[in-house]
Structures are given as structure tokens and as C-alpha cells.
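Worksheet for the structure shown next.
The values are calculated or read from the model by the stated rules, or taken from the named source; none is laboratory data. Model, not experiment: these values are computed from the prediction. So basically every Cβ, Gly included, is an ideal-geometry build from the backbone, and we count neighbours across all protein chains shown.
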Amino acid sequence: MARMKFLCDADRCIECNACVTACKNEHEVPWGINRRRVVTLNDGKPGERSISMACMHCTDAPCQAVCPTNAFYTTADGVVLHSKDICIGCGYCFYACPFGAPQYPRVGNFGSRGKMDKCTFCAGGPEADNTVAEYAQYGTNRLAEGKLPLCAEMCSTKSLLAGDGDIIAAIYKERVTKRGYGSGAWGWKTAYRETIAT
Amino acid sequence: MLIKRTEREARRGMLAASLASQSGGGFDRRTFLRRSGLAAGALAAIGTLPLGGVRKAEAGPPAPPGARVTTTKAVCTHCSVGCTVVAEVANGVWIGQEPGWDSPLNRGSHCAKGAAVRELVHGDRRLRYPIKMVNGQWTRVSWDQAINEIGDKLVAIRQKSGPDAVHWLGSAKFSNEGAYLNRKFAAFWGTNNVDHQARICHSTTVTGVANTWGYGAQTNSYNDIRNAKTIIFMGSNAAEAHPVSLQHVLSGKELNRANMIVFDPRMTRTAAHATEYVRFRSGTDIPVVWGMLWHIFQNKWEDEQFIKQRVFGMDDVRKEVAKWTPDEVERVSGVPGEQLKRVAEMFAKQKPSTFIWCMGATQHTVSTANVRAFCNLILATGNVGGVGLGANIFRGHCNVQGATDLGLDIVTLPLYYGLVEGAWRHWCRVWEVDYNWMQARFVSKPMMEAPGIPSTRWFDAATLPKDQVAQQDNLKAMVVFGHGGNTITRMPKAAEGIEKLELLVVADPHPTTWAALSERKNDTYLLPICTQFECSGSRTASNRSLQWYERVVAPIFESKTDYEVFYLLAKKLGLAEQMFKNIKVENNVPVAEDLLREINRGGFSTGYCGQSPERLKAHMRNQDKFDLVSLRAPKDAPEVGGDYYGLPWPCWGTPAIRHPGTHQLYNTNLHVKDGGGTFRARFGLEYQGKTLLAEGSYSKDSELKDGYPEFTYGVLKKLGWDKDLADAERATIERIGGPNPDAVGWAIDLSGGIQRVCLEHGVIHYGNGKARANAWNLPDPIPTHREPIYTPRPDLVAKYPTYPDVKAQFRVPNIGFSVQKAAVDKGVAKEFPLILTSGRLVEYEGGGEETRSNKWLAELQQDAFIEINPADAAARNIQDGAWVLVSGPEMANGKVCRVKALVTERVGKGVSWMPFHFAGWFQNVDQRGKYPPGTDPIVLGESVNTITTYGFDPATGMQEPKATLCQIRAA
């Protein structure tokens, strides 16, 4: 079975935010909730790089590990989803997530955050596929229709890739080979102590 | 722990399949729920979906019960890339957006704006019905009342002040048909005061480039950049302004390991992906380019053969370039000679090289000269007229190319025929109206042939003393269709101008700055116009491809299409019968297809003649047939075989001869029937004793193996080719020519016969000329550096002064020289030491009323801001994110703009930058209450153009927002 992954090719990302508004559009995500966002490092300096971030659908997801109500589950495709019916809005997953993916609809103290919301890899939630009930809580379920997340499908420069981890890794590998220099990926320098000359 | 959802029966391609499989299956959870009566609404909805051949709502809210979901192909209404938008509609509601995978232009991709276009027809903040202002109060009126009152007032103004007292400001967001209709309307009204956003966009490009080699448009395409080995961006931040174009640029860069060089005063998001970034001072484009050419000439890297065969006057350029030694270039522009040498060598030697420019280059007092300098660099290195090279001019709005082509412009009738008598006679023939009747609509024949007032100067024409405006009277009325007010410089003056008007009509989906900026109390009308998603028509992308788009939903609320409003106005003014002679009108709405057919019938000059609605629709149906790089469909493809995508103009002859369009202009490596061509011979046969015709260069398989002039019926006769004309063609030519048929040229031959016969002989009817390095008819025949009006380097003004004052230029005075001199004398640069330049954000477009009203976009940019270098910020005790007060040299004493500071090294020391999309705050006053209730954009902010200053390009009336001065202090 395929494992679904996101990969943002930092050499291609131009911070156009198409992924952000595509997500808003597809799922009617309300103001203030950002299932996806674009982060820019070294903004305005040489070596500026942007990367589009959302839930990374971790293999061993920390959010899942800390959830006191076991609201999370991983689908057969490797997508990490959760049930808003079970979620109590405690915010543990927010602390556990290294990517800042969990979002909460309300601002306030004392557990008034509301049900957690995050990227679903356009795969809905535990309700039956493509129902109004599923849509109301999680947005559309593109995966069930054989489509990929709209953020990646609409990416302006084909920077954000989504799909079967093996396939997107192959696409990325081919690109890096053609470019003929270190990947330019976010974190490359930290990992390999190698300066990127583009 | 929840159970993993592995039990799903099958991966479902489409819901229809899934439903089918379930109806045959047993008692699953879904059927259980349905039978138990739970979740009734939701599941009942799915249960009643008709199955056969109907797509369900695959995106967005599930469709309501029983609704059929249809898919419509539209085109994004933001930038000029022309991305296909696939819309899913149920019960007249746009419920979802899917990627348009088949389009070779965007292959499913969008930027933030394109991915959010569905919100535009939600219409939360749109005008819902016509509104007029009565004693300072917005009051709802009916369409009938609005059109009647507007019409009566227009007639009264016409009687008192003449037809030129009304300015018909149109839009780059019109369809081609809408733009054409606006231009035609102005002609029938009797004025050349008709303009649109191209004035403040690429008017300088059009003038400069057309005067170099024939047509003022992007020579190649976004897709063709995939073939380039060296790519220069100058004053173009495509990553924010044309994000999807970067797909082609970055893929090409990776595949070819191409050089990507960005020249900009600001290290933009485009520069972040470049292989080399060159920072230079705003307004010194010419020194930088001459600095590159200095190295090229010095090292003999130029393309000698190309220059000899296809360029006129390059020696005059050499003389000017010789003055720009590396030291002088660095002194003026700040760019070190070594860096320029490296970049120049790449551009000249690692070919094909393409040169891309945008507003950073075109919005200056010297911009016509700027673009001419770029053309000279391209010509000297032989980088035009082929694959992977050329002047890739990225146009701005979604149809600014088409609106320019269709003459929504003060200097020409549709398709660059100009305003001369011959042009009027040509269009009168197409429109089937009498020339003398048309002339009687104008004040006089000279006014009929005199360029109008540019959009940058309308308020001067409204506020200056009457004797300084070179027409019968001041401007008294503005009729504004789809044009923001805050994109034009000198907004405090504009506010005065708006108050002076006797009539203001804003026809737009949004009220725009026009409605909120001034203290007007009466005679202001807001007409709700629908977006292009509620309308059908064609639009021309930057690469000259035309795309036909279908209406997604019917106009929402009481809004109407541009077509209908022009028709209603024409009817009210008694012009409808004449104007719509050959255009079918259904229910007050002129049929877009008929409008395009009329454009085709008259569009021979620019090759807008072959793109019939039928052909364009076939292209949209067959998008998947076109190649990503060559944009061409295989010869055997049904309906579109051999065509280039969107029949990029020029697409010669009648639609029947099936010219494929032209992907790369002036490409001599192709047969003219395959989209080949030569430089246009439009400047005569010789100048000062030297030939202007090409020498030894011609397009592939041409029967004439050398340069040749433009074709007329007479030339055809001399060559004996007139016998190839069909009888009907000959009859048409003779009818047009009257007593002198030999003088009938290729552009006014309404039969298309001259074009057809020339193509058969492998020659191009517009002649085979040389490009002009020396354009003797322009203010600076050889581009000459001139300092911005408000320069931070007053020491350079004596050597590089701006153009002399002119009493009447486009009907108003241009006193740039006096303003510059006064600024130097008063030491303005000491009081306002920071350069202020402006630009775009990816989330917003143009004046931003539409995008700032879109909640998905507005959330991403909630504050107007100014970028300032850390050193300048530290000197002023300014913190990142804090409020600051910005003032400019032309703002009234004590007036300031209040914005947030973004402290960043993106801008160099001494430079500040502001996005120009904001409005709704004016000189530190919140104007939210001045919008009609419920139509105020979500995000308001100070406009940079409240601060920008005087300065106009003499050839075009272009403003100068890219190089002025300001001072910033902490709030």
C-alpha cells in the first residue's frame, strides 16, 4: 500500500501561497485557521528559501502519541487523521507537533480552543466518504475520489509534491540529478554542512 | 482507538462508481444509516444523485439533492499568464475549482489569486445594485433610472463642453470584446479620451518596442523560456507578479542549467531563485544596459552578421555606449563593472538569451528609452527572432495585452491603426458607418486625429486652468469601467480632480477608490458589473494567445456584463443602431461571438483576423493536444492540427486559410505559413541614405531572397502575383481603393487577399525590414540617461537632466523639467533622503479592491507596510512591525501616510519599498465609512500613490512611481 507524503521542493517554492488559498477554497477553511502555510527562511537575504508546511502525516506521529482521547488514526495510505467528535481541544497535539500543524478555531483560556483542525491530506475524516457530515467537519475527501490534495495539484511551480512517497521521491531525485548541485533543500546545509551554490 | 479505515471496499475513481458498487453490496454502514433514517439530509442527497454520465460534486460543498454538476472552462482573471480555471457548478452555484491540467500555459497550476477565484463570485463585498450619491448619502436606484440619469447628464455635458469633456476609462480586465466595445463606444461618442491600465503598465513598452521592430508585444512566450540558456529579469518580480510563469522559468533553468540573472533595486522573491542578483539604483536602467553593451562592444561579443543584415543604426548606439565606461556606470547606477562584464558575457555568449522586463523598467519618465535600450542589447547580441530568446515582456492584467491591441488607448483605434484619416476610414468601412457622420461626432477633424488625455493626467485636465488644456473644455466627467484609482500617482491631486467633476460613473464589481477617495456629495453613480466569470468572451494572454472562456455562472445580484451596460448606454444616447449594425443583441446583451467576428473582419494589421470564435473554442476543447514547449498541436490533431495554442497573433488572413498563429515573432527559421516572419518594414525604405530593408535575411522558403517593402495591391501587380487573387478579393480591394486601388495596403484590404497571396509566396505582407537601433521619431532616438524628477543624486542632474518642459503633451502641459529643477534648488533630497519605489504582492492585484475583498487572500496580507533597510530603521529608531509615518515631497505640509515598517535587507540602504495594492486609508484617515455599506474591502491601507510624485514619459504619458523620494519616521 502506498504511503502518502508531502514534499516541498525548496528550490522551486516561490512563496506564492497558492497552496494556502487552494486549501481554503477546497475545504472552505475559515479565517484564522491555516491548515497550510508557507514559511520563508532568511527573508530578503541571499539564500532566501521558502517551504510550504502542513501536517506532514508522520509515520510515528507525535500528535497521535500524546492524544489523551485517542482521537487520531492513521489510514492505510499513511494519512494521519483525527475525529473531531472525540477531540476535546486540549492542545497536547499542538505542543507535540514539530510542524505547528494543529489549529484551533477559538482563542481563549481554559480549554476553550474548540476542536482541533488540521490538514487531512484531502482525505476527510472518519465519517463516510464524501458526505455532507464529513465535509462539514473536515472538508472534501479528494483521496476517496482518486485525486490528490489540491494544494499540491495547484502548486504554481510544481514545487509542492503530494502522493505516494516512492513516486514523489523519484520525481525529486530526478530533479536534483538534472540540476547537478546539492538539493538546495531546506535543512540541507545543517545536515551536510555543505554550502549550496545554485 | 479508532479502527483504521482499511476496510474501504475499493479505491474510488468517481463517486458514481462508488455508489454503484455500494448499491450492489450488502448492508454496509452507509445503507444502514440511510435505512435507519440517520443523517437524512446528507445521505439522501447522495442517494438521489442521478448516476448516468453526471459528475458529482467532487470538490467544495457536496452538491444539493438532485443537482447536476457541470464543469466549465474559464480563464483566471488576474495576471497575463492566462491560467485555465476549471469550475464545477451545481444549481447555478460555483461549488468547486479543479486544476486545468490540459492547459499548456499552466498545467493545473495557480498562484494564491488563481486558487482563490471562486470567492470572487461569492460576492460578499460586491456591489449588489446600482447606487447613486444623494447629498453625501449612498442611495439605491434601479438600472433604468441610473442609465437614464447618466445618459441625460452626459448629453448635457456634451452640449456645454463638447464630447472631449468626457473620459471613458476602460479596463485591462475586459474581455477582448468588451475592450473593443469600449473603444468603439468612445469613437461613436466622439472623443479619443479613452484609456486603460496599459497606460501605467506597458504603454512605454508598446511604444518603444513597436518603434524598434514592428509590434509592441512579448516576442516569444512563457513556455518558450524553457529553451533559454540565459535569462535576464530587469525590473520584473515574476515570482510575485506572474507566479505560474516561474514554473516554465525554473524548469527550463534546471534542464538547461541556465543562467538566471535578476536586476532590481530590491532583492525580490524572483532574485532568491536567481543564479546572480544585480542591485542597482532605481531609475538607472539605461546606464546599466549601456554598461553591459560597453563590455560587449569592447570585447567584440556582438553578433556582427545579425546587426549587418537586420539592424539599422547600431553605430549610433555605439557612440552613446562609449560614454558609459565602467566607472561612470558605477558612479551613476552603483553596479560594479566586473559584475556587469560577467553578466554581459553570459548574455552575449551563452545563447539563446532572453530579456524579461516589467513595471520596474516601464514606470519612469525615461521608460520608452529604457525599453529601447533593452531592445538594443537584444539586437546587438542577435537575441531576437527565434526559439528560446527574445524580449519576453510580461504583461500585467489578465487582458492588458488584448485591451491594448484593441485600442483602448488614447493614440489609436483598434489594432494599432492610429488616428489618421486612413485609420478612421478603415474602421468606418468595417463598422459600415459613413466617415463624414463619424467626423461630425467629434469637435473637429484635428481633434478626431489628436491623441487623448492619458489616465495618468485626467485630474490635471480636470483641475488646470481651462486655457492650459488643449481641448474645448476641461474634463467634466469620468466614466470608469474596471480601473482602480489608487494605481495612478499623485492621489491627493486625484482627490481634487474627483471633486471637480460634474459626473462620476464607476462601473465595477466593487466601489473602488474612486467612490471613497473624495468629498463628493452628488452626481456619483456606482454600477454593479459582473466579473469575467459571469461573462463569456476571449482574452489575450501575454504571449499573444487568445483564449475563449465560458461563463461559469449568471451575473450575481443585479450586476450586468460590460457588454450589456455599453449597449444600454448606446441605446440611451441613440447610438445603438449604428454601433450594433452587424452584432446580434439578445435581451440587451450584445453577443460576444459577433463582436469577435467584427474584430476579425477589421483586424488585419495585427493578425487578429484569423482567430474566429469557432477556432478559439476548438482550442479550448483540445488543450491537451498542444505541446508544452513548442505550444504547437501535431499536424494530424483533429480541429486544431498544426496550430499554436490560442492562435497567438499575428494569425494572418481569414479564419478559412487556417494560419497557425505566431509563437515567436520575427522568426526567419520558419515559413510564414508556419508562423515565421521578419522585422516589419514600417518605417520607410531608407533613412539618411541608408536602407531600412533587411539585407540578405529573409524567412524560410521566401520567394523574395532579400529585404522588401510592405505590400500593396500595386506591389502585387508589379510582381505579377495579383493574378493569384480571387475575383471576390480583387473586387473588395478595388472597392476600397476607389480611384486608386494600387495604394490599398495589406492592412486595410478587408478581403485578406493580399495577405493570402503573400503567404502562398512565402513572403510576409508587412515587408522585410530592419529593426531600428536608432528610432529617430522618438524623444531620445538613442536612449539617453536622464535622472528621475525627484532624484537622490541632485549632483547628476546637471549632466543628465530630464526632458524639457512642453506646453501641451497629450493635451496637458508636462513641466517635469521645472519640477526637477525646483527639487534640486530646494534641496528636496536632503529633506526626503530615501528612495521610494513600489511593487506587487502575490496575494493582491492592481488597485486591490477585488483581492482585498477576497477573504482567502486578505487573510494573508492584513496591513499596508513599507520595507526599510535595517541601517535606515536603526537611524530612525524604527522597530520591525511598528507603525511609521511616511511623507513625500509633494504631500501637503503635515500630511503623512501611516503604515507598518518591515525592516529587511531586501532593500538596500537608502531605499524603501511599498506595495501599491492598498487603499482606503488616505493620509492617516480611515475611509471605511465612505464605502457604500457592506462593500468595503476587508483590508484597507495607505496607498503608495498618495506619496508618489510628478513625472511623465514624453512619448506615452507614463507616470513615475518607481523612483521618487520619501522620509520615514517612527509613529
Quick test for you: out of B:Pro783, B:Pro788, B:Pro804, B:Pro739, pick the one residue that is under 25 Å from B:Pro454 (Cβ atoms), part of a loop (DSSP other than H, G, I, E, B) and free of Cβ contacts under 8 Å to residues at least 60 places away in the same chain.
B:Pro804
Please state which one of B:Ser818, B:Ser838 is polar (S, T, N, Q) and over 29 Å from the mean Cα position of the chain (by Cα).
B:Ser818
For the range A:112-160, enumerate the residues that are within 9 Å of chain B (Cβ to nearest Cβ), under 18 Å from the mean Cα position of the chain (by Cα) and polar (S, T, N, Q).
A:Thr140, A:Ser156, A:Thr157, A:Ser159
For the range B:188-210, name all the residues that are surrounded by 24 or more Cβ atoms within 10 Å (Cβ to Cβ) and small (Gly, Ala, Ser).
B:Ala198, B:Ser203, B:Gly208
Which of the residues belonging to the range B:237-252 are in contact with a Gly (Cβ under 9 Å, 6 or more places away or on another chain) and either away from every other protein chain (no Cβ under 13 Å) or closer than 24 Å to B:Tyr645 by Cα (or both)?
B:Ala241, B:His242, B:Pro243, B:Val244, B:Gly252
Return the residue satisfying two criteria in turn: it lies in the range B:597-628 and is among the small types (Gly, Ala, Ser) and part of a helix (DSSP H, G or I), and of such residues it is surrounded by the fewest Cβ atoms within 10 Å (Cβ to Cβ).
B:Ala618
Just need a number here: residues in the range B:296-312 that are of a type outside the set (A, V, I, L, M, F, W, C) and surrounded by 23 or more Cβ atoms within 10 Å (Cβ to Cβ).
1
For the range B:372-449, which fully contained helices (runs of 4 or more DSSP H) count at least 3 residues that are farther than 26 Å from B:His202 by Cβ?
B:421-431, B:435-441, B:445-448
Given (1) among the aliphatic types (A, V, I, L, M); (2) under 21 Å from B:Met958 (Cα atoms); (3) in contact (Cβ under 8 Å) with a residue 60 or more places away in the chain, number of the condition B:Ala516 does not satisfy
(2)
When the residues of the range A:138-172 are narrowed to those that are in contact with a helix residue (DSSP H, G or I) (Cβ under 8 Å, 6 or more places away or on another chain) and of a type in the set (Asp, Glu), which ends up nearest to A:Phe6 (Cα to Cα)?
A:Glu153
Only listed residue being in a loop (DSSP other than H, G, I, E, B), of a type in the set (Val, Ile, Thr) and either surrounded by 17 or more Cβ atoms within 10 Å (Cβ to Cβ) or modelled with pLDDT of 95 or more (or both), chosen from B:Ile754, B:Ile748
B:Ile748
Looking for whichever is buried (at least 24 other Cβ atoms within 10 Å of the Cβ) and closer than 29 Å to B:Glu686 by Cα here; the options are B:Trp357, B:Trp290. Which one fits?
B:Trp290
Give the residues of the range B:850-867 that are over 20 Å from B:Pro243 (Cα atoms) and away from chain A (no Cβ under 11 Å), sorted by residue number.
B:Ser853, B:Asp863, B:Ala864, B:Phe865, B:Ile866
What are the residues in the range B:851-873 that are among the aliphatic types (A, V, I, L, M) and in a helix (DSSP H, G or I), if any?
B:Leu857, B:Ala858, B:Ala871, B:Ala873
Can you tell me how many residues within the range B:156-184 are touching a helix residue (DSSP H, G or I) at 6+ places or on another chain (Cβ under 9 Å) and either part of a helix (DSSP H, G or I) or of a type in the set (D, E, K, R) (or both)?
15
Can you name every residue in the range B:758-780 that is surrounded by fewer than 24 Cβ atoms within 10 Å (Cβ to Cβ) and not in a loop (DSSP other than H, G, I, E, B)?
B:Leu759, B:Glu760
B:Gly574 meets each of (1) on the phi > 0 side of the Ramachandran plot; (2) touching a residue at least 60 places away in the same chain (Cβ under 8 Å) with one exception, condition (2)
State whether one or more residues within the range A:35-51 are surrounded by fewer than 16 Cβ atoms within 10 Å (Cβ to Cβ), more than 9 Å from chain B (Cβ to nearest Cβ) and touching an Asp or Glu at 6+ places or on another chain (Cβ under 9 Å).
yes
Scanning the range B:253-272 for residues that are over 20 Å from B:Glu345 (Cα atoms) and in contact with a strand residue (DSSP E or B) (Cβ under 9 Å, 6 or more places away or on another chain), which turns out farthest from the other protein chains (Cβ to nearest Cβ)?
B:Pro265
For B:Asp467, state whether it is part of a helix (DSSP H, G or I) and crowded, with 20+ Cβ neighbours inside 10 Å.
no
Going by the conditions given, is B:Val278 of a type in the set (Val, Ile, Thr), within 13 Å of another protein chain (Cβ to nearest Cβ) and within 27 Å of B:Thr802 (Cβ to Cβ)?
yes
Please work out if A:Lys24 is without any contact (Cβ under 8 Å) to a residue 40 or more places away in the chain, within 12 Å of chain B (Cβ to nearest Cβ) and outside any loop (DSSP other than H, G, I, E, B).
yes
Can you name the residue in the range A:11-21 that is touching a residue at least 24 places away in the same chain (Cβ under 8 Å) and outside any loop (DSSP other than H, G, I, E, B) and is also nearest to the other protein chains (Cβ to nearest Cβ) among such residues?
A:Ala18
Any chance the range B:874-882 includes a residue that's in a helix (DSSP H, G or I) and at pLDDT 95 or above?
yes
Looking at the range A:173-184 only, could you name the residues that are under 17 Å from A:Ile14 (Cα atoms) and either out of contact with any helix residue (DSSP H, G or I) (no Cβ under 8 Å at 6 or more places or on another chain) or more than 7 Å from chain B (Cβ to nearest Cβ) (or both)?
A:Ser183, A:Gly184
Listing of strands (runs of 3 or more DSSP E) fully contained in the range B:55-152 that carry 3 or more residues being crowded, with 17+ Cβ neighbours inside 10 Å
B:69-75, B:84-90, B:93-99, B:131-134
Considering the range B:488-511 alone, what residues qualify as being part of a helix (DSSP H, G or I) and either over 26 Å from the mean Cα position of the chain (by Cα) or more than 20 Å from B:Gln959 (Cβ to Cβ) (or both)?
B:Glu496, B:Glu499, B:Lys500
Can you name the number of the only condition in (1) more than 10 Å from chain B (Cβ to nearest Cβ); (2) in contact (Cβ under 8 Å) with a residue 40 or more places away in the chain; (3) crowded, with 21+ Cβ neighbours inside 10 Å; (4) not charged (D, E, K, R) that A:Pro105 fails?
(3)
